[in-house]
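Asks: For reference, the structure I am asking about is given below.
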Amino acid sequence: MLLLPLAGMAQTTGGHPVNMRVINNKGEAPRRDIIAYVKSENPVVHSFKEGRLTLPGVANNDTVAVIIRHRIYEFPANGMTTLQLNLNRRDRVASAWRNGEKIAASDYKVVPASASSPDVQVDRMTSPLQYANLADYLTGRIAGLVIDGGPGYYQAYLDGVVPLVVVNGIRMQDFNAANMLVNPNDIESVTVDRNGVIYGAAGMNGVLVIDTK
């Protein structure tokens, strides 16, 4: 579950569904991760598929949040049954429609999602030559990070779940792919971000970020 640093109104049990749609400037479903949730202390995150999502359990006094490209758009539910967001060519919300009526920009809130910050940062070792691979380099160095497996296939677990692994800004298929790609001698820094909100749904289990020289 993604724990967002957004203290908001508690999510109400029950409620009604809200049918949501996001379209780009070409009238198509955006080709990027988009997630939505009802604001609460421990929100349940839902992912859009083909630009559509039915968000369950929305009460009239709730706030509906949508994350698109490092921005969080917050809308008061207030009787909402449908929500459509039209994006511009930069994938920012150009117009929003609730129950078929356009919402004034002043009636919803836009929050940068870049407030997410690393929980742990590991600077490169002065003598990394003693490490055979990335798995060996990270083993036992970060609290909550467990490297499992052996030669041929390794997997990483962060607090018991599989995190997203990003190397030099590129999302890896899994930790093993990063292990085969990264030479310990080239590591500049490793950061662990347990609040991976800026990566959307893919970061809900946390993010292991590796940068090389």
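Asks: Failed condition for ARG194, given (1) free of Cβ contacts under 8 Å to residues at least 12 places away in the same chain; (2) in contact with a Leu (Cβ under 9 Å, 6 or more places away or on another chain), with all others met?
Replies: Unmet condition: (1).
Asks: Of all residues in the range 20-52, count the ones that are closer than 19 Å to GLY79 by Cα and open to solvent by 20 Å² or more (accessible area, probe 1.4 Å). Outline the logic, then answer.
Replies: Our first condition is that a residue be closer than 19 Å to GLY79 by Cα; within the range 20-52, this holds for 20-21, 36-40.
Filter once more, so that each one left must be open to solvent by 20 Å² or more (accessible area, probe 1.4 Å): 21, 39.
Residues meeting the conditions: 2.
Asks: In this structure, does VAL192 turn out to be β-branched (Val, Ile, Thr), under 15 Å from the mean Cα position of the chain (by Cα) and modelled with pLDDT of 85 or more? Reasoning before the result, please.
Replies: Numbers: β-branched (Val, Ile, Thr): yes; under 15 Å from the mean Cα position of the chain (by Cα): yes; modelled with pLDDT of 85 or more: yes.
Criteria met by VAL192.
Asks: Taking LEU164, is it touching a Lys or Arg at 6+ places or on another chain (Cβ under 8 Å), modelled with pLDDT of 90 or more and either open to solvent by 80 Å² or more (accessible area, probe 1.4 Å) or not charged (D, E, K, R) (or both)? Talk me through it step by step, then tell me what you get.
Replies: Details: touching a Lys or Arg at 6+ places or on another chain (Cβ under 8 Å): yes; modelled with pLDDT of 90 or more: yes; either open to solvent by 80 Å² or more (accessible area, probe 1.4 Å) or not charged (D, E, K, R) (or both): yes.
Spelling it out, LEU164 is indeed touching a Lys or Arg at 6+ places or on another chain (Cβ under 8 Å), modelled with pLDDT of 90 or more and either open to solvent by 80 Å² or more (accessible area, probe 1.4 Å) or not charged (D, E, K, R) (or both).
Asks: Next question. When only residues in the range 53-63 that are over 13 Å from ILE23 (Cβ atoms) and touching a His at 6+ places or on another chain (Cβ under 9 Å) count, which is surrounded by the fewest Cβ atoms within 10 Å (Cβ to Cβ)?
Replies: At the first step, the residues of the range 53-63 found to be over 13 Å from ILE23 (Cβ atoms) are 54-63.
Checking the rest, the ones that are also touching a His at 6+ places or on another chain (Cβ under 9 Å) come to 54-60.
Numbers: THR54: 10, LEU55: 24, PRO56: 13, GLY57: 15, VAL58: 22, ALA59: 16, ASN60: 12.
Selected residue: THR54.
Asks: In addition: Mind listing whichever residues of the range 64-89 are open to solvent by 20 Å² or more (accessible area, probe 1.4 Å) and either modelled with pLDDT of 95 or more or more than 19 Å from the chain's Cα centre (by Cα) (or both)?
Replies: To start, the set of residues in the range 64-89 that are open to solvent by 20 Å² or more (accessible area, probe 1.4 Å) comprises 69-71, 76, 78-79, 81-82, 84, 86, 88-89.
Result: PRO76, ASN78, GLY79, THR81, THR82, GLN84, ASN86, ASN88, ARG89.
Asks: Let me ask you something else. Mind listing whichever residues of the range 194-212 are over 14 Å from TYR137 (Cβ atoms), open to solvent by 10 Å² or more (accessible area, probe 1.4 Å) and not hydroxyl-bearing (Ser, Thr, Tyr)? Break it down into steps so the answer makes sense when it comes.
Replies: Step one: filter the range 194-212 for residues over 14 Å from TYR137 (Cβ atoms), giving 194-207, 209.
The next check asks that each one be open to solvent by 10 Å² or more (accessible area, probe 1.4 Å); those that pass are 194-195, 198-199, 201-202, 204-205, 209.
Listed by number, the residues that qualify are ARG194, ASN195, ILE198, ALA201, ALA202, MET204, ASN205, VAL209.
Asks: Out of the residues in the range 127-151 that are open to solvent by 50 Å² or more (accessible area, probe 1.4 Å) and part of a helix (DSSP H, G or I), state the one that is modelled with the highest pLDDT. Full working, then the answer.
Replies: Looking only at the range 127-151, we keep the residues that are open to solvent by 50 Å² or more (accessible area, probe 1.4 Å), and these are 127, 129-130, 132, 136, 139-141, 143, 146, 148-149, 151.
Next cut, part of a helix (DSSP H, G or I) only: 129-130, 136.
On the way: LEU129: 56, GLN130: 72, ASP136: 90.
Looking at the filtered set, the residue picked out is ASP136.
Asks: If the requirement is being outside any strand (DSSP E or B), touching a helix residue (DSSP H, G or I) at 6+ places or on another chain (Cβ under 6 Å) and not acidic (Asp, Glu), which of these qualifies: ASN185, ASN176?
Replies: Working: ASN176 fails: touching a helix residue (DSSP H, G or I) at 6+ places or on another chain (Cβ under 6 Å).
The unique qualifying residue is ASN185.
Asks: Moving to a separate point now. List the pairs whose first member sits in the range 75-86 and is of a type in the set (Phe, Trp, Tyr), whose second member is assigned to a loop (DSSP other than H, G, I, E, B), and whose Cβ atoms are under 8 Å apart, counting only residues at least 6 apart or on separate chains?
Replies: PHE75/TYR108
Asks: Hey, any hits in the range 111-126 for a residue that's modelled with pLDDT of 90 or more and of a type outside the set (A, V, I, L, M)? Let's see the steps before the verdict.
Replies: Of all residues in the range 111-126, those modelled with pLDDT of 90 or more come to none.
No, every residue in the range 111-126 fails to be modelled with pLDDT of 90 or more and of a type outside the set (A, V, I, L, M).
The values are calculated or read from the model by the stated rules, or taken from the named source; none is laboratory data. Predicted, not measured: the structure shown is a model, and the values here were computed from it. Ideal geometry is used to build each Cβ from the backbone, glycine not excepted, and the neighbour counts take in all protein chains shown. Surface areas here come from the heavy atoms of the whole protein model, side chains and all, with no ligands, DNA or RNA. Shrake-Rupley method; radii C 1.70, N 1.55, O 1.52, S 1.80 Å.
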